[in-house]
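Engineer: Got a structure here, written out as structure tokens. Questions coming.
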Amino acid sequence: GELGDALTRAGLRLITYLPSHAPSRHREAVEALACTPEWDARMWGLEPGAYVRRRPVDERLTEFQRHWESVIREWSIRWGRNNSGWWFDGCYYADRMYRHADEPNFRSFAAHAKAGNAESLVAFNPGVLVPVICNTPYEDYTAGESDVLPTFYGANEPGRFINGAQLHVLSYLGRSWGQGEQPRYSDDLVTAYTDYINTAGGAVTWEVPVDPKGRIPPPFFMQLRCLGEARRLRGRLGPVPAL
């Protein structure tokens, strides 16, 4: 909420990250929210035997989904228009949990996220995938998570939309997610790849490490500054698709 207030005053928009599951390292929350599947959910960090199932749960974790939708709806209403979007991680078990005609499903998930701002955008991350895909008709932009830089060619030449969802690519500038002392790519490559996706009408998110005080290390800060200056120059030289 405080970030949303500060960014709104600065004319910037906030997109919120949240997992699709309960906070997996908080056993009390996992059990109270009934995020206690009988199937193996170690992709969420829920190792078998790491929690106690207080009551029976169904295959779709319906009770948990209802709890989590309620939590997300409360945040959405509280933050209102200060939150412009959501990026939901961990939607790895979509066939089991969300691809159903009856609720809870992707449709109800998206509706609760948009309860406080109908114009906010949502993405549901299926995991690290190449090529970039649209995970569901109920997402507005692609999660786009990749540990390489996806390229598009021939019949797959990038356009603004992939099956109705805004093209968006997410990758990291460091050694891995949240790690690294120096950027793994040159400033020129980062700028060129951003231009490549932007020119097609798509958007790029670059993830950077932060130190324990929440600061971006200088090498990454300087690379982001270089990218920003290049984008401003490009904007003066010619039209640039809106992000």
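The values are calculated or read from the model by the stated rules, or taken from the named source; none is laboratory data. Quick caveat: nothing in here was measured; it's all calculated off a predicted structure. Here the Cβ positions follow ideal geometry from the backbone for every residue, glycine too, while neighbour counts run over all protein chains shown. Just so you know, the surface numbers come from the protein's heavy atoms only, side chains and all, with ligands and any DNA or RNA stripped out. Shrake-Rupley method; radii C 1.70, N 1.55, O 1.52, S 1.80 Å.
Engineer: Using only the alpha carbons of the chain, determine the length spanned along each of the three principal axes and report them from longest to shortest in whole angstroms.
Structural biologist: That works out to 61, 40, 36 Å along the principal axes.
Engineer: Working only with C-alpha atoms, what are the Rg and Dmax values of segment 139-204, expressed in angstrom?
Structural biologist: Over segment 139-204's Cα set, Rg and Dmax evaluate to 12.6, 38 Å.
Engineer: Taking only protein heavy atoms into account and a 1.4 Å probe, give the accessible area per residue of the chain in Å².
Structural biologist: Accessible surface, normalised per residue, equals 55 Å².
Engineer: Counting only protein heavy atoms, what percent of the accessible surface of the chain is carbon or sulfur at a 1.4 Å probe?
Structural biologist: Of the solvent-accessible surface of the chain, carbon and sulfur hold 55 percent.
Engineer: If you don't mind, another one. Residue farthest toward the positive end of the dipole of the chain, with Cβ of Lys/Arg at +1 and Asp/Glu at -1: which of PRO212, ALA115, ALA6?
Structural biologist: Projecting each Cα onto the dipole axis, the largest value belongs to ALA6.
Engineer: On to the next question. Test of understanding: what is the full-extension gain from ALA50 to ASP147, defined as 0.36 nm times their sequence separation minus their Cα-Cα distance?
Structural biologist: Additional length available on full extension: 32.0 nm.
Engineer: Using +1 on the beta carbon of Lys and Arg, -1 on that of Asp and Glu, and nothing else charged, what's the dipole of the chain about the Cα centre, debye to 20?
Structural biologist: Using only the charged Cβ atoms, the result is roughly 600 debye.
Engineer: Mind putting a number on the dipole of segment 49-93 about its Cα centre? Charges go on the C-beta only, +1 for Lys and Arg and -1 for Asp and Glu, and I need it in Debye to the nearest 20.
Structural biologist: Around 180 debye, computed over segment 49-93.
Engineer: Next question, about the same structure. Report the dimensions of segment 168-207 along its three principal axes from the alpha-carbon atoms, largest first, rounded to Å.
Structural biologist: Rounded to whole Å, the extents work out to 31, 19, 7 Å.
Engineer: Provide the gained length on full extension for the span ARG107 to ARG42, in nm with one decimal, where the gain is 0.36 nm per separating residue minus the Cα-Cα distance.
Structural biologist: 20.9 nm
Engineer: How big is the dipole moment of segment 163-243 about its Cα centre under a simple scheme where the beta carbon of each Lys and Arg is +1, that of each Asp and Glu is -1, and everything else is neutral? Debye, nearest 20, please.
Structural biologist: Charge dipole of segment 163-243: 200 debye, to the nearest 20.
Engineer: Considering only protein heavy atoms, what is the solvent-accessible area of VAL210 at a probe of 1.4 Å, reported in Å² to the nearest 10?
Structural biologist: 90 Å²
Engineer: Let me ask something else. Using r as the Cβ-Cβ distance of LEU3 and ASN163, and R0 as 35 Å, what FRET efficiency do you calculate, to the nearest 0.05?
Structural biologist: So, using R0 = 35 Å, E works out to roughly 0.65.
Engineer: Follow-up question, since we're still on this one. Taking amide hydrogens as modeled 1.01 Å from N in the peptide plane, which residues meet the under 5 Å criterion relative to PHE161, leaving out close sequence neighbours?
Structural biologist: Sorted by chain and number, the residues that satisfy this are LEU167.
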